[in-house]
């Protein structure tokens, strides 16, 4: 773009703001379906449970997964969902 005379500006298109609220009740829940890394962070902020199976639409980057992982099975669940 710069070669064509355009100024390149990188700006976020949106800002994710996590809303405070009560903890999620995951008693009796077999699995949580996550569709984005932002969704994973939002769920992780609203529950202390780390023993619930997670099914992810796409694999998360290792550094993000390590930051707020809901379960150690996240990577396996994400890979299984892409097979």
Practice task
Work out, in µm²/s and without decimals, the Stokes-Einstein translational diffusion coefficient of the range 1-62 at 25 °C, 0.890 mPa s, Rh from Kirkwood over C-alpha pairs.
Solution key: 168
Exercise for the section: Arrange the peptides 26-35, 7-16, 40-49 so that the one whose residues have, on average, the most other Cβ atoms within 10 Å appears first. Expected result: 40-49, 26-35, 7-16
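Every read-out reported here was derived from the displayed coordinates using simple, explicitly stated rules and does not represent laboratory data. Since we're looking at a predicted model, the values are computed, not measured. Using ideal geometry, Cβ is built from the backbone for each residue, glycine included, and neighbour counts are taken over all protein chains shown.
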